[in-house]
1. For the stretch 843-874, which residues satisfy the criterion of being within 19 Å of V732 (Cα to Cα), crowded, with 24+ Cβ neighbours inside 10 Å and among the hydrophobic types (A, V, I, L, M, F, W, C)?
2. Could you check, for the stretch 385-404, whether at least one of its residues is more than 16 Å from the ligand (Cβ to nearest atom), more than 27 Å from G203 (Cα to Cα), modelled with pLDDT of 95 or more and assigned to a helix (DSSP H, G or I)?
3. Out of G417, G386, G427, which single residue is in contact with a strand residue (DSSP E or B) (Cβ under 7 Å, 6 or more places away or on another chain), over 17 Å from V253 (Cβ atoms) and among the small types (G, A, S)?
4. Note down all Cβ pairs under 6 Å where the first residue falls in the stretch 39-56 and is among the basic types (K, R) and surrounded by 15 or more Cβ atoms within 10 Å (Cβ to Cβ), the second is at pLDDT 95 or above and not in a strand (DSSP E or B), and they're at least six residues apart or on different chains.
5. Do any residues in the stretch 447-470 that are touching a residue at least 60 places away in the same chain (Cβ under 8 Å) and in a strand (DSSP E or B) have Cβ atoms under 8 Å from those of residues that are basic (K, R) and within 16 Å of the ligand (Cβ to nearest atom), where the two are at least six apart or on different chains, and which pairs are they?
6. Select from the stretch 326-350 the residues that are farther than 24 Å from H258 by Cβ and touching a Leu at 6+ places or on another chain (Cβ under 9 Å) and list them in ascending order.
7. Residues of the stretch 101-125 being surrounded by fewer than 17 Cβ atoms within 10 Å (Cβ to Cβ) and either within 28 Å of the chain's Cα centre (by Cα) or not polar (S, T, N, Q) (or both), which ones?
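The values are calculated or read from the model by the stated rules, or taken from the named source; none is laboratory data. Note that the structure is a prediction, hence the values are computed from the model and not measured. For neighbour counting, all protein chains shown are included, and Cβ atoms are generated from backbone atoms with ideal geometry for every residue, glycine included.
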Amino acid sequence: MSRQAVLKNRRTLLERAEKFISDIYFTDCNLRGRLYGDSCPLESLSSFLSSKRISFSEASKQNFAPHKVGDTFGPTWWTCWFKVTLKIPKSWRGKEVHLLWESDGEAMVWRDGQPVQGLTKEGEKTSYILTDCLTDEEPQSITLYVELACNGLFGAGKGSMIAAPDPNRKFSVQKAELVVFNRDVQELLTDFEMLVDIVKDLGEGEQRGYQALYTVNEMVNICDPSDPSSFPKAHTLAHKFFNQHNGQSQHTVHAMGHCHLDTAWLWPYEETIRKCGRSWVTAIRLMEKNPEFVFTCSQAQQFQWVKTWYPGLFSQIQHYVKKGQFIPVGGTWVEMDGNLPSGESMVRQFLEGQRFFQKEFGICCKEFWLPDTFGYSAQIPQIMQGFGMSFFLTQKLSWNLVNAFPHNTFFWEGLDGSQVLTHFPPGDSYGMEGKVKELVNTVRNNKDKGRANYSAVLFGFGDGGGGPTQLMIDRLQRVQDTDGLPKVQMSSPLRLFSQLQADSALLCTWSGELFLELHNGTYTTEAKIKRGNRQCETLLHDIEIASSLALGSDNTFKYPVEKLQELWRLLLLNQFHDVIPGSCIELVVEDALKYYEDIRSAGARLLQDACEALGSKGSGSPAVFNSLPWERNEVVQIQDDRGQAGLALVRVPSIGVAPVKDTKPATQVSVTVQTDTVVMENGIFRAVVNKDGSLASLLLLNANREAISDGCHGNQFVIFDDVPLYWDAWDVMDYHLQTRKPVVEVEQPVGVVSSDGLRGSVSFTLRISDKSTITQEIVMDAMCPYLKFNTQVNWAESHKFLKVEFPVRVRSPNATYEIQFGHLQRPTHWNTSWDWARFEVWGHKWADLSEHNFGVALLNDCKYGYSVHKNVMTLSLLRSPKSPDANADMGTHQFTYAIMPHTGSFQDASVIQCAYNLNFPLRPLRRPADAAPWSAFTVSAAAVVLETIKQAEDRKKALVVRLYESHGSTVNATLCPSLPVREAWHCDLMENPDLTRPALMTSEGITLNFNPFQIVSLLLTL
Ligand SMILES: [Zn+2]
């Protein structure tokens, strides 16, 4: 160091160093100004504009017209293809030469017909390296193509990121030229930047920060930007600092390249395919230059897309997967929403994902990877364990609005007691940049100090793709073991989790769901997507069961393996964490609804084929197929032989078929019109309906027990102002509850629709506003213990939230909500911040509020948002946010919910079964007139639900059946198949049989033991 005493002014020394590398100030004389040497224009630039996303081979055949830098093109979502011809000057021999490309939009460089690199200004990628060191042998005349998507990394929001896209945005190329890139300047800039950041981020309290300050100051003294021969001395000084090592106890950061790439969000699915191409080919280029660089990559669907659209890139990926640098993670088809998909959907996310990774890469992921989702079901640990996964990485809970989650590394215990080692990167981001601040925060924010000494740092631009840059890798490489900072190593998820596990003795355990205290509007937004999801889950369930039964009973039947996989994958795709939550743009909603239509139409044919195999083709007498594992006695709509529609009461056994017989109910449904009300009664309960459609009374007859709270009305529609702080489609805020207004204006008072003994129904219409109405049919069926509300809403509101309330005569501190393969309780009071932060929660087909020996359940056929506060049960129906989809939820909606008062517990009252019945209609088919009722499977215990029957993967003539314990009890059950089962084995969720555990088969059936909420899968050989 220089002998002259250095003044102790921290501020001037620090700013001096900052200005020395500034890209704004003093670039005429500072180091940054020397980053590029000579430049040279392109030989030619020409372009061709396409409204569609076309292939390279198609694009390269088009006529390209001359293009000037600065010319504008567009609009949004179009693609501009550029043809670039260039000639590198011979005099640049020995230099590193870049194509410098600064433009709006996201670009891909194509060379010799292959994608070679992504270019995105927002993602700090504006250089394509033509050569590291120009030699005489290299071609100097080169033709490249640049495919430029007219959208940014985050789509094209008008005015703000999440606003609806601007359809008319214009784009331009601001710079396109050849430059000499001075790598030595870049290296020194990185040294300077890291030291400056150490000074700033360690702060004034750390002596190490002052050591960095005097080091960087001395470097400015030594370094003459105009004289590269002065650089090595400055560089040496920096490295001396970086190489002063830590002690053994220092925290270790496991750095992994990453690129969180939303499968659709502010851009459509189709653009994601290209985002994958751009981001991943760039990661491959970095691997070629940095053999230690590791890139983690999730979502089998995206790999499948790249395999189809970029086969050359896919084989390079396979190569780097083998080398351990490109690491497929997560084991799911997409990074799905963690709340709304059904239990079986969750299983299929993993089944399709793990099988894909196994087939393409020979890899079975050990970690579930879901950085970004809006909550995590309490069944995820058990499902993960079923796929051989014990590790979970996520991050989103750091977004909690009310309560800070108390851990970064902990054991997460699920509903059934399964545990997984869970890590939230303490830097609270899945898109870090390798900066000092992130490393410092990772150590400081770690809530498990003293318990966990390892953390993940996921670096790379994310959400819209982009991924890591060379600069990020260089930054991390500088400070691998620098006293004062955590140790940094390039790592893999498996290495991180293995170390965490080896040192896990002191870790805490969190039991139950990981509830995100934010984005609670996503249980309701885009109601048609929610409905599509529920209906298609139901349809695929029924197709698989009917096809499995057909396989077991008809030798000629072919199980539709490929078609079912295709439909499942469409459903799983739409469960992506910005699609099913409804937080996507309108283009994505349109795609999603189209995929649901594809599933419905192709699914209807598959179901018909299977039902014909179970019955008879076209001719025969009317019959019904029951896909649920209990006997049902229900009123169904039928068509008689003359095609006349009518009603019939049918009795059909568990997972079976039965003829439609003209049976009479024990008690007929009566509908009586009185002065101000209509009274409906079916022998189980009596409903008194006011003229405005609300319920004055709901009386359970046997128990003589009123369900509606004194002086209140059930089925009360209410509307709220729904203006969040920022995340429009995502968030409903606590204060919306203060704006409650009952919907009271009657347009058409209650009138009787039908009253024929089997079914009684009344209907009415309410006005929500001069733009929106609710028309509802209240339906009471013979023998049915719940009252159905078939609802149609014409919805044209703006920032309003529609709900329906049932104030009930029940007092309980907890309400129960169905989740995947089970249920859980949440408080009905607002004692603590953890309680009131759950003012809006999610559930699946039912919620229940019970006190001892009496309760009320609220069922639905396509809704997910609930709240139960004190004694008021509320179902969330429709929202009307305006961004990112300006037309979200506008139009006509149909949905059904039901209210079910009951004695005893909800378990004993068959609430679970009733909610299934509401969602899974009996399916009509034709059978010979003399055919007797037939059941394929029965289960002896009411607590056990036989959820899934499907053909086993890769095995013909073998079925997988999946059951779960639904009551929260320890039970034994017997599964009795009437299909010819030869062998039965327990298997995991991957369908691998456990050869140590043959299932015990007796003449009674297969004996099974269940713990509370346990999922059991069996492999049955036919
Ligand atoms: Zn995301």
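1. Result: V868, M873.
2. yes
3. None of the others qualify; the one that does is G386.
4. Pairs found: R53/E270.
5. Short answer, once both residue conditions are applied: G464/K275.
6. If the condition is that a residue be farther than 24 Å from H258 by Cβ and touching a Leu at 6+ places or on another chain (Cβ under 9 Å), then E344, S345, V347, R348 are the ones that fit.
7. If the condition is that a residue be surrounded by fewer than 17 Cβ atoms within 10 Å (Cβ to Cβ) and either within 28 Å of the chain's Cα centre (by Cα) or not polar (S, T, N, Q) (or both), then E102, R111, D112, G113, E122, E124 are the ones that fit.
Quick grid of which residues meet (1) under 18 Å from the mean Cα position of the chain (by Cα); (2) polar (S, T, N, Q); (3) within 20 Å of L261 (Cβ to Cβ); (4) more than 16 Å from the ligand (Cβ to nearest atom):
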residue: L570; (1), (2), (3), (4): yes, no, yes, yes
residue: E586; (1), (2), (3), (4): yes, no, no, yes
residue: Y596; (1), (2), (3), (4): yes, no, no, yes
residue: G618; (1), (2), (3), (4): no, no, no, yes
residue: F625; (1), (2), (3), (4): no, no, no, yes
residue: I638; (1), (2), (3), (4): no, no, no, yes
